[in-house]
């Protein structure tokens, strides 16, 4: 039996990583006039991951990391106008429409009738709140929580706050590292719905996943049936 | 009688605006090689306020606004190395020590014995959480809430969430616009502790403040005595 079902947002309910990949493509094009393409391919990812400590997650952090990387890769030769282009890339990402995955709205509507639903996202509070508002999905969630990092400890704090026992809690998400492993670690249940793109920072080794039990689904439309089965156990 | 005392953080418990002013000074110095000093003096403030809609509050937003303003004011002539300096200004602000005001720790320790204390800040969740951790004050607060904007509506949501009646709620802060007026608007009580610097965006006209009743104190050390008096009413 379940007392609460929680969902990750980015790349679980709506497209996110593809937005970053588009921006990274534009970023590479922009820098291609300064050097041959392919050069410094992974530098941006490295800078981003290094900057999480100072900046945290989100589009503003990403924009600052793009600027830092561009200056570094061009050895200070990039023009202010090209940096202005990078600022524009970030602003367009912030203003972009929220594009829901298939089956999301119908699945949430169905589950919200029987279970309290919670949205648990990490990242920039301001950016996430705007996406939640624009998604039109806020009505289905009894609780919305934006956390700094998704670790066993941060899930434990959330469950205590909402008085839910771990074994009666189900987390649904696309990130093995943030949505699945830490929830299993504290004795919760997890449904993994992989997304076609996974950011380097969210990737984990197969070794880490093999020791744990979780259910993998192809899309969110399959969730109500699984929940119905779990509910009968 | 009071059921909850809440505090703003930036410029109420610790120095914040002075950090921004220092960075703005460095920013002006940096641009002074491109044009005469004083030119475009308020442009950064204008860009910042305009960008709140896209970026929200915080140091990352401020850094992006500095870069945008620098490109604009130098008509695209600023070098990538100078933009790198601006990135550095932002990073140093993010890494800076939290500098508490006088009487803060003793006042919170005293009040926390008799009342549940709440911290209510707006701005960037990641940045605020880091400051709270570094401040060493987290132990005194039963609840910590980071909100997008401090409006009557957002205070009402918080009070409902924590089951506190507005007239039994006291808010303490340095911003008339964010800490005092919206709390009075929903029937709460407020203590205003002005700070020497107030950012343009937080300023309100004297007309707006004259219609309302709040208590003004010089520093946080005077708060326990006021609370003792309110407690007896």
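None of the figures in this text is laboratory data; all of them are computed from the coordinates on show. In this text, all values refer to a predicted model and were calculated from it rather than measured experimentally. Note that each Cβ is placed from the backbone with ideal geometry, even for glycine, and that neighbours are counted across all protein chains shown.
Contact order normalised by length for the stretch B:1-144, with contacts defined as Cα pairs under 8 Å and 6 or more residues apart; what percent is it? Please list the in-between numbers first.
Values: 127 pairs, mean separation 52.3, N = 144.
Relative contact order here is 36 percent.
Nm distances between the label at residue A:43 and the same-position labels in the remaining copies, 7 Å along Cα→Cβ, shortest first?
Label point to label point, same position, other copies: 2.8 nm.
Can you tell me the 0 to 90 degree angle between the C-alpha axis of helix A:125-135 and the longest principal axis of chain A, rounded to 10?
70
Sorted by average packing, counted as other Cβ atoms within 10 angstrom per residue and highest first, what order do B:224-230, A:165-171 take? Please report the intermediate quantities before stating the final value.
Details: B:224-230: 14.0, A:165-171: 18.0.
Ranked by mean Cβ neighbours within 10 Å, highest first: A:165-171, B:224-230.
Seen from all sides and averaged, what is the projected area of the convex hull of the Cα atoms in the protein assembly as shown, in nm²? Write out the running numbers ahead of the final one.
Numbers: hull surface 96.2 nm².
So the mean shadow area of the Cα hull is 24.0 nm².
To the nearest Å, what is the center-to-center distance of the stretch B:64-129 and the stretch A:1-38, using C-alpha atoms only?
Cα centres, the stretch B:64-129 to the stretch A:1-38: 27 Å.
What list do you get for B:11, A:75 if you sort them by fewest beta carbons within 10 Å?
Values: B:11 24, A:75 11.
Final ranking by Cβ density, sparse to dense: A:75, B:11.
Within 10 Å of each Cβ in B:177-187, how many Cβ atoms from other chains are there, averaged over the peptide?
Counting other chains' Cβ atoms within 10 Å and averaging over B:177-187 gives 0.
Summarise the partner chain shielding of B:53-63 as one whole number: the mean count of Cβ atoms from other chains within 10 Å of each residue's Cβ.
For peptide B:53-63, the averaged partner shielding equals 5.
Once every DSSP H run of n ≥ 4 in chain A is given -39500 (n - 2.57) and the sum is divided by its residues, what mean residue ellipticity at 222 nm do you get, rounded to the nearest 500 deg cm²/dmol? Can you show the working numbers first?
Numbers: 10 runs with 109 residues, N = 233.
The helix-only estimate for chain A comes to -14000 deg cm²/dmol at 222 nm.
So, by mean Cβ neighbours within 10 angstrom, what's the order for A:56-68, A:81-93 with the highest one leading?
Details: A:56-68: 24.1, A:81-93: 17.6.
Highest to lowest by the protection proxy: A:56-68, A:81-93.
I'd like the orientation of helix A:59-73 relative to chain A: the angle between its Cα long axis and the longest Cα principal axis, in ° from 0 to 90, rounded to 10.
Taking Cα atoms only, the helix is inclined about 30 degrees.
Just the projected area, averaged over all directions, of the convex hull on the alpha carbon atoms of chain A: how many nm²?
Working: hull surface 52.2 nm².
Hull-based average projected area comes out at 13.0 nm².
Quick one: label points 7 angstrom along Cα→Cβ at residue B:96, distances to the other copies in nm, smallest first?
3.3
Take every residue in peptide A:164-172, count the Cβ atoms of other chains within 10 Å of its Cβ, and give the average of those counts. It would help to have the intermediate numbers written out before the result.
Values: counts 0, 0, 0, 0, 0, 0, 0, 0, 0.
That average works out to 0.
Given labels modelled 7 Å from the Cα in the Cβ direction, how far is it in nm from residue B:149 to residue B:35?
Taking the two extended label points, one gets 3.0 nm.
So what's the stretch B:63-148 giving for Cα Rg divided by 2.2 N^0.38 Å, two decimals?
Details: Rg = 18.2 Å, N = 86, 2.2 N^0.38 = 12.0 Å.
Normalised Cα radius of gyration, the stretch B:63-148: 1.52.
Counting only C-alpha contacts under 8 Å and six or more residues apart, can you give the relative contact order of the stretch A:73-159 as a whole percent? Don't jump to the answer; show the numbers that get you there.
Working: 50 pairs, mean separation 25.2, N = 87.
Computed value for the stretch A:73-159: 29 percent relative contact order.
If you take the Cα Rg of the stretch B:48-113 and divide it by 2.2 N^0.38 Å, with N the number of residues, what do you get? Mind dumping the intermediate values first?
Working: Rg = 17.5 Å, N = 66, 2.2 N^0.38 = 10.8 Å.
The stretch B:48-113 yields a ratio of 1.62.
Round to a whole angstrom and tell me the spacing of the C-alpha centers of the stretch A:162-191 and the stretch A:131-156.
The stretch A:162-191 and the stretch A:131-156 have Cα centres spaced 13 Å from each other.
To the nearest 10 degrees, how steep is helix B:80-95 against the longest Cα principal axis of chain B, on a 0 to 90 scale?
Once rounded, one gets 20 degrees.
Say a label goes 7 Å from Cα toward Cβ at residue A:75 in every copy; what distances in nm does this one have to the rest, shortest first?
Distances between equivalent label points, in nm: 3.0.
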